[in-house]
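A.B. asks: Quick one: the structure is below, questions incoming.
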Amino acid sequence: MKRSLAAGLFALFASYAAAEEAAWAPSTFTLSNGMDVVVLPDHRAPVVTHMVWYKVGAADEAPGKSGIAHLFEHVMFQETKNLGPGEFDKIVSRSGGQNNAFTSWDYTAYFERVHKAQLGTMMGLEAERMVNLVINDDPKGPFISERDVVKEERRQRIENNPGAILQEKALSALWKGHPYEITVIGKMEEVAALTPQDGLDFYTEYYSPANAILVVAGDVTPDEVRALAEEHYGAIPASGAEHGPRKWQSVAPLTETVLLTHADPKVRQPNWSRYYLGVSQRRQPDDALALDVGLEVLGGGMTSRLYQSLVEQQQLAISASTFAWTTLHDEGPAVISASPAPGVTLETLEAAVMAEVEKVLAEGFAEAEVIRARNKLAADAIYGRDSQSGMAETFGAWLALGGKVEDILGYPDAVRAVTPEEALAAVRAVFAPEKHYIEAHLLPAEGDL
């Protein structure tokens, strides 16, 4: 009787899940001017998330122009031919919505979350600043004033944050010679030297419908989105001045091991980290999936090997983890990190961490822990569909890297197919004894805050 009931419940759940999958399935199309569109139906509430992704980021910046992609994100909120200073935000706010933007090495994205009735208004706003942005040499105008804002942002986010300073140095060393080498926020002296003409050139080259992806998630149908997109974005002609090939390239392996140390009176908790060169889901999809699973077992949480050994059993650390940036277009870091318990030196901590890593790499993973890790990653992806804005970001980011919708839909099955042998091989390949790395020590220093 129990088996029959369980079978019945499973069949009911499978049927429900299949129906939900069919209702949730994304639709895609392309406007005549080259703008790609993705629609993610979600009819649980009369709300939509509207995102425009531009296929340009810090990696595309010209030499000596670091920070312009991020600065431009700021300028986009200021003034257009038909919108006064700050009016964009006011319209979104009066509509009861929220809006923001963000810049990465690979893309720049803008979003609004509003009632579905306001979707056309949001498209009109984004279309307006896609073609009618005001950039001038007025010292109080949108470009120069926002340049000063970005400089202050760098002071607050990077130069006043010891951990951010050290991470910036570590990533620059890992990506030396690669377009990712310069931090997204840019170098202070290069940001300060950016001119309105630099902004106009950047705008002309990258901000066009053919270089953009529209993602709409929420209580809409593909037909509704298509009609509005044709009305607002389809009317914008292709500029014919779009940029050439992206500046992506494989990251060269490290040729030496480097120790970076940063001490500051503001540091209350020391930290030890090693940055190895990892892999990219875009370039090495199978290896990236296997690495994500392996790192989940090794240091993915409180049940992981490192946490259990170093924090729970040996009590040498207050935290221990591993993670990898596999979602960039090019190869990112795979990191082992730990913070020592009181009275434990970084040297003692390092020896204990690496002893545990070497033990795991020698003995391998148990099948049960790999199954648990891959099921967690698959479940996270499936449960992520509950977040309307989260799914808009997932699709937009992946498509901006040149990925396909099918890759996202197939992720849960693909990650569940990773074997213990594949997960172990991926971790061994990244953390092999002969591999060079960037070691980073964050330390307190004498003095008061």
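Just so it is clear, none of the values below were taken in a lab; they were calculated from the coordinates. What you see is a predicted model, and the numbers here were worked out from it, not measured in a lab. Using ideal geometry, Cβ is built from the backbone for each residue, glycine included, and neighbour counts are taken over all protein chains shown.
A.B. asks: Let's test the formula: R0 of 25 Å, r as the Cβ-Cβ distance of K266 and E189. What FRET efficiency results, to the nearest 0.05?
C.D. replies: Working from the Cβ atoms, E equals 0.55.
A.B. asks: To the nearest 0.05, what FRET efficiency results for T419 and N161 with a Förster distance of 35 Å applied to their C-beta separation?
C.D. replies: The computed FRET efficiency comes out at 0.30.
A.B. asks: Looking at the square roots a ≥ b ≥ c of the eigenvalues of the Cα gyration tensor of region 409-449, which shape do they give, rounded for a/c under 1.5, prolate if a/b is larger than b/c, or oblate?
C.D. replies: Oblate, since a/c reaches 1.5 and b/c is not below a/b.
A.B. asks: Normalised by the number of residues in the chain, what is the relative contact order in percent for Cα pairs under 8 Å and 6+ residues apart?
C.D. replies: 20 percent
A.B. asks: Then there's this: Using a Cα-Cα cut-off of under 29 Å, which lysines could be cross-linked to K81, ignoring same-chain neighbours fewer than 8 residues away?
C.D. replies: Result set, ordered by chain and number: K55, K65, K90, K116, K140, K151.
A.B. asks: Within the P(r) computed for region 39-142, what percentage of the Cα pairs occupies the region above 18 Å?
C.D. replies: 52 percent
A.B. asks: As I understand it, the dipole of the chain uses +1 on the Cβ of Lys and Arg and -1 on the Cβ of Asp and Glu, about the Cα centre. Which of V267, T30, Q249 lies farthest toward its positive end?
C.D. replies: V267
A.B. asks: So for region 25-232: antiparallel DSSP bridges make up what percent, rounded to the nearest 5?
C.D. replies: Bridges in region 25-232 that DSSP calls antiparallel: roughly 80 percent.
A.B. asks: Where both residues lie in the chain, what percent of DSSP beta bridges are antiparallel, nearest 5?
C.D. replies: Roughly 75 percent of the DSSP beta bridges within the chain come out antiparallel.
A.B. asks: Another one. Return the long-range amide H neighbours of G278 (sequence gap of 5 or more, or a different chain), with a cut-off of under 5 Å between placed amide H atoms.
C.D. replies: Those lying under 5 Å, H to H, from G278 are G332, A334.
A.B. asks: Can you order the peptides 75-82, 324-331 by their average number of other Cβ atoms within 10 Å per residue, highest first?
C.D. replies: My ranking of the peptides, most packed first, is 324-331, 75-82.
A.B. asks: Here's a follow-up. Would you mind computing the Rg to Rh ratio of the chain from its alpha-carbon coordinates, Kirkwood style for Rh?
C.D. replies: 1.00
A.B. asks: In nm, to one decimal, how far is the modelled label at V258 from the one at T28, with both set 7 Å along Cα→Cβ?
C.D. replies: Reported label-point gap for V258 and T28 is 3.7 nm.
A.B. asks: How large is the dipole of the chain about the Cα centre if only Lys and Arg carry +1 and Asp and Glu carry -1, each at its Cβ, rounded to the nearest 20 debye?
C.D. replies: Dipole of the chain, to the nearest 20 debye: 680 debye.
A.B. asks: Counting just the Cα atoms, what span does region 25-232 cover along each of its three principal axes? Round to the nearest Å and put the largest first.
C.D. replies: Each principal axis gives a Cα extent; for region 25-232 these are 47, 38, 31 Å.
A.B. asks: Please work out the Kirkwood hydrodynamic radius for region 258-444, using every pair of different C-alpha atoms, and report it in angstroms with one decimal place.
C.D. replies: So the Kirkwood estimate lands at 17.4 Å.
A.B. asks: How about K435: which aspartates and glutamates have a C-alpha closer than 18 Å to its C-alpha, ignoring those fewer than 8 places off in the same chain?
C.D. replies: E256, D287, E331, E350, E356, E358
A.B. asks: A follow-up question, please. Between region 186-210 and region 144-180, how far is it from one alpha carbon centroid to the other, in angstrom?
C.D. replies: 17 Å
A.B. asks: With charges only on Cβ, +1 for K and R and -1 for D and E, what is the dipole size of region 25-232 about its Cα centre, in debye, rounded to 20?
C.D. replies: 460 debye
A.B. asks: Follow-up. Quick one: what are the phi-derived ³J(HN,Hα) couplings along region 291-299, Karplus 6.51/-1.76/1.60 with θ = phi - 60°, whole Hz, x for glycine and proline?
C.D. replies: 3J(HN,Hα) across region 291-299, in whole Hz: 5, 4, 5, x, 6, 5, 5, 5, x.
A.B. asks: First measure r as the distance between the Cβ atoms of Q314 and V149, then evaluate 1/(1 + (r/R0)^6) with R0 = 45 Å and state the FRET efficiency to the nearest 0.05.
C.D. replies: 0.45
A.B. asks: Give me, ordered by chain and number, the residues 5 or more places off G300 or on other chains with an amide H under 5 Å from its own placed amide H.
C.D. replies: HN-HN under 5 Å from G300: R305, T322.
A.B. asks: I would also like to ask the following. Counting each DSSP H run of 4 or more residues in the chain as -39500 (n - 2.57), what helix-only mean residue ellipticity at 222 nm follows after dividing by all residues, to the nearest 500 deg cm²/dmol?
C.D. replies: Dividing the helical sum by the residues of the chain leaves -13000 deg cm²/dmol.
A.B. asks: Expected output is a single nm value to one decimal: the length gained when fully extending between D137 and D89, i.e. 0.36 nm times separation in residues minus the C-alpha distance. What is it?
C.D. replies: Computed gain between D137 and D89 is 15.0 nm.
A.B. asks: Using θ = phi - 60° and the Karplus relation 6.51 cos²θ - 1.76 cosθ + 1.60, list the HN-Hα couplings for region 181-193 in order, rounded to whole Hz, with x at every Gly or Pro.
C.D. replies: 4, 7, 4, 4, 6, x, 7, 4, 5, 6, 4, 4, 8
A.B. asks: Follow-up question, since we're still on this one. Check cross-link reach from K266 to the aspartates and glutamates: straight Cα distance under 20 Å, and skip same-chain residues fewer than eight apart.
C.D. replies: Here the aspartates and glutamates satisfying the reach criterion relative to K266 are E152, E153, E159, E168, E446, D448.
A.B. asks: Using the Cα gyration tensor of region 146-199, with a ≥ b ≥ c the square roots of its eigenvalues, what is the shape: rounded (a/c below 1.5), prolate (a/b larger than b/c) or oblate (neither)?
C.D. replies: Judged from the Cα gyration tensor, region 146-199 comes out oblate (a/c at least 1.5, b/c at or above a/b).
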